[in-house]
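Visitor: Below you'll find the structure I mean.
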Amino acid sequence: MTAPFLSFLYFPSTHSNNPPPTTNTTHHPIDDDDDDYSSISSDEGHWQSSPTIYVAIITRRDGSVKTKYLNPSAVSHHYSNMRTLRGRKRAFSASSLFTKKSTLQKKAKHLLLWSKHEEDHQQGVSTSLAEKSYTASAFEELPNEVMIRILMHVDSRDLAYLQQASKKLYTLCHDNHVWYRLFCDKFQRHDHNPVFSHSHDYRKLYREALELHRRWHQGHSQVSYLNKMDSHKDSVYSMAWMMGQDGMFASASRDRTIKVWQKGKCMLTRSTPHTGSILSIATSRHLAVTGSSDTTCTVWRLPEWQVMHRFADHEDSVLSAVVLDDARVATGSRDCTLRIWNPETGHVLHVLRGHREPINAIKRVDAQRLASASGDGTIRIWCTQTGECLHNFQGDIGGLSCLEVVPKGSRKWCIWACGLQKNIQIWTIEEDEKDHHHHVITNKVINSGHTDVLRSIHYHGGRIVTAGYDKVIKVWDAQTSKCTLSFQSGHEGKIFSVLTNHTSIISAGHDRRIMVLDFAKGLSSSELM
C-alpha cells in the first residue's frame with residue numbers, strides 16, 4: 001500500500017546506506033534518588049555537550065515493547081557524572097552527622113547573608129557592616145515570614161545543605177512557598193507561572209519535574225502503541241493536540257475517519273463527509289478543520305465534533321490547515337494557493353497567491369501573520385488581515401515539506417524548515433518596531449542525520465521533534481540546534497506526523513499505528529507540571 005497523496009512532493013526516493021551506530025548494548029536503569037534536589041544548572045552544560053543518545057525500540061515476540069541504547073557509552077558517560085554528583089552528596093550527608101553544629105550554622109549563616117544581600121541588592125538596599133556580624137542564631141530569631149523570603153533566593157542544592165543546620169531551618173527549608181518559587185523559577189515560563197495552591201506539594205513537584213527533565217536528556221521513556229482494536233484501518237496522515245484537554249489529541253487517516261484519543265483510549269470516532277483521504281487536521285479550543293484529497297475542507301465545532309461548514313473552493317488536494325482564531329481558518333493546497341475562510345459563513349476572505357508549487361505546510365505565527373512552506377523551496381510570511389505577502393525566504397535545501405515556528409520574544413522568532421535534502425534550515429527573524437519589516441538575523445543549514453525525507457516537525461517547551469520516511473524520531477534542543485535523542489525502529493513504515501508536549505512524543509504513519517513515548521511514566525505530578 002502506498003501513500004498517493006505524498007506524490008505532490010515530487011521527491012525521489014533516496015536512502016542512505018549508512019546504518020545507525022551499533023555497539024554492544026546494555027540498558028541502564030534510572031537511579032531514583034528521592035533525596036537528590038540538586039540544581040539542574042550544574043548538569044545542563046554536560047547535557048548540552050553530550051553526544052546524541054540513540055535508542056532502538058524493539059517489539060518482542062509476545063508483543064511487548066522494550067528499548068535498547070545503541071551507543072551505551074554516551075549514556076554511561078552521563079550516568080557516571082550523575083553518580084559522582086550523587087556520591088558526593090551522600091558522603092556529605094553521612095559526614096554531617098559528625099559535624100559540629102556550630103560549623104554547619106556558620107556555613108548556613110554565609111548562605112543566608114548572601115541571600116539577604118542579593119534580595120537587598122535587587123531592592124536597592126545596601127548591606128551594612130553591622131549586618132555582616134550577625135550570628136546564625138540571630139537569623140533564626142527573625143520572623144518566619146522573613147526567613148522564608150530569604151530562603152526563596154537560595155537554590156535547591158543550598159537548601160539541602162541549610163536544612164541540616166537546625167530544626168527550625170529544616171522546617172523552613174521544607175516550606176511550600178519556598179519550593180513553589182524554586183519550581184516556577186526552574187521549570188515554568190515567567191509569564192505562565194501557576195497560581196499558588198496549598199493543595200499542591202511543590203517540593204514533590206520540583207523533584208518530579210527534575211526527574212522528568214533527566215529522562216528527556218537520557219532518552220528514558222515507556223513505549224506503547226494505542227489500542228489495536230480501535231486503531232485506524234489505513235495510514236494515519238495527521239494529528240493535532242486538543243487545546244485545553246491534557247494529553248488528548250485527534251488523528252486523521254486515509255480511512256476517512258477522525259479519532260480522538262486520551263490516556264491510550266479512543267474516546268470518539270467520527271466518520272467524515274470527505275470522499276477522499278484526510279490529509280491534514282488542525283484544532284483550537286472551539287474549532288477543528290480537516291483537509292482532504294477530495295479538494296474540500298471541513299470545519300468542525302468542538303467539543304461535539306459537529307460539522308459547521310464544508311468548503312470546496314480549492315482546485316486540488318488540501319494538504320495543510322490551521323485555525324487562526326474563532327473567526328478564521330486557513331488552508332494550503334496542491335493548487336499552490338492558500339485560502340482564509342470564515343468558518344461561520346463559509347465565505348473565502350482572502351486567496352493568497354505567490355508559491356509556484358504545492359503548499360505542504362502552514363503555521364500560525366501570531367494573530368496577524370501566517371507562515372507557509374512550499375515544494376518550490378520558499379517560506380512566505382503573510383498578513384492574515386490583508387492577504388499581503390510580507391516576506392519571501394528562499395531556502396537552500398530544495399523543496400520544503402514541513403515547518404515550525406519557534407517564538408523567541410515579542411518581535412523575534414525562528415523558523416525551522418525541512419524537506420527533500422534531509423537537512424534542516426533555520427531562520428532567526430526579527431520584526432522592526434518602526435516599519436514592521438522582517439529582518440533575517442541568522443540563516444543556517446544543519447545536518448539532520450535523517451536518511452530520507454523529513455515529513456513532520458513539532459515544537460514544545462524548548463524541544464523540537466522531527467520525523468520522516470526513515471522511520472526515525474529525533475529530539476532537538478531549540479536553543480542550541482543540537483540533536484539530543486534519536487529513536488529508531490518504532491514504526492514499520494514511513495512516519496507522517498509527530499506531536500510532542502512536556503511529557504511525551506506521539507507519532508503515526510504508514511503502518512497505521514500510533515506510538516507513544518511516555519517520559520512521565522510513574523510520575524504522579526505530571527499533569528500539574
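The values are calculated or read from the model by the stated rules, or taken from the named source; none is laboratory data. This is a predicted model, so every value here is computed, not measured. For neighbour counting, all protein chains shown are included, and Cβ atoms are generated from backbone atoms with ideal geometry for every residue, glycine included.
Visitor: Exactly one condition in (1) crowded, with 16+ Cβ neighbours inside 10 Å; (2) more than 21 Å from the chain's Cα centre (by Cα) is false for Ile441; which is it?
Guide: Every condition holds for Ile441 apart from (1).
Visitor: Another question about this same structure. Among the residues of segment 291-307, are any within 18 Å of Ala508 (Cα to Cα) and buried (at least 19 other Cβ atoms within 10 Å of the Cβ)?
Guide: Yes, there is a match, as at least one residue in segment 291-307 is within 18 Å of Ala508 (Cα to Cα) and buried (at least 19 other Cβ atoms within 10 Å of the Cβ).
Visitor: Consider Thr345 against the criteria (1) surrounded by fewer than 19 Cβ atoms within 10 Å (Cβ to Cβ); (2) within 26 Å of Ser410 (Cβ to Cβ); (3) of a type in the set (Val, Ile, Thr): it satisfies all of them except one. Which criterion is unmet?
Guide: Only one criterion in (1) surrounded by fewer than 19 Cβ atoms within 10 Å (Cβ to Cβ); (2) within 26 Å of Ser410 (Cβ to Cβ); (3) of a type in the set (Val, Ile, Thr) is unmet by Thr345, namely (2).
Visitor: For Met267, state whether it is surrounded by 22 or more Cβ atoms within 10 Å (Cβ to Cβ) and either modelled with pLDDT under 95 or assigned to a strand (DSSP E or B) (or both). Quick ask: steps written out before the conclusion?
Guide: Values: surrounded by 22 or more Cβ atoms within 10 Å (Cβ to Cβ): no; either modelled with pLDDT under 95 or assigned to a strand (DSSP E or B) (or both): yes.
Criteria not met by Met267.
Per-residue answers, yes or no, for (1) under 26 Å from Leu454 (Cβ atoms); (2) in a strand (DSSP E or B); (3) in contact with a helix residue (DSSP H, G or I) (Cβ under 7 Å, 6 or more places away or on another chain); (4) of a type in the set (A, V, I, L, M, F, W, C):
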{"site": "Tyr206", "(1), (2), (3), (4)": "no, no, yes, no"}
{"site": "Ala209", "(1), (2), (3), (4)": "no, no, yes, yes"}
{"site": "Trp216", "(1), (2), (3), (4)": "yes, no, no, yes"}
{"site": "Ser251", "(1), (2), (3), (4)": "yes, yes, no, no"}
{"site": "Ala288", "(1), (2), (3), (4)": "yes, yes, no, yes"}
{"site": "Thr298", "(1), (2), (3), (4)": "no, yes, no, no"}
{"site": "Pro303", "(1), (2), (3), (4)": "no, no, no, no"}
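Visitor: Name the pairs: first residue in segment 255-280 and farther than 15 Å from Ile506 by Cβ, second residue among the β-branched types (Val, Ile, Thr) and modelled with pLDDT under 95, Cβ to Cβ under 6 Å, at least 6 apart or on different chains?
Guide: Arg256/Thr272
Visitor: Here's a follow-up. Which one of the conditions (1) surrounded by fewer than 16 Cβ atoms within 10 Å (Cβ to Cβ); (2) at pLDDT below 85; (3) of a type in the set (A, V, I, L, M, F, W, C) does Met243 fail to meet, given that it meets all the rest?
Guide: Here Met243 meets the rest and fails (2).
Visitor: Among residues belonging to segment 375-416 that are among the hydroxyl-bearing types (Ser, Thr, Tyr) and part of a strand (DSSP E or B), point out the one that is nearest to Ile457 (Cα to Cα). Explain how you work it out, then say what you get.
Guide: So the first thing to find is which residues in segment 375-416 are among the hydroxyl-bearing types (Ser, Thr, Tyr), and the list is 378, 384, 386, 401, 410.
Subsequent filtering for residues that are part of a strand (DSSP E or B) retains 378, 401.
Details: Thr378: 17, Ser401: 10 Å.
The selected residue is Ser401.
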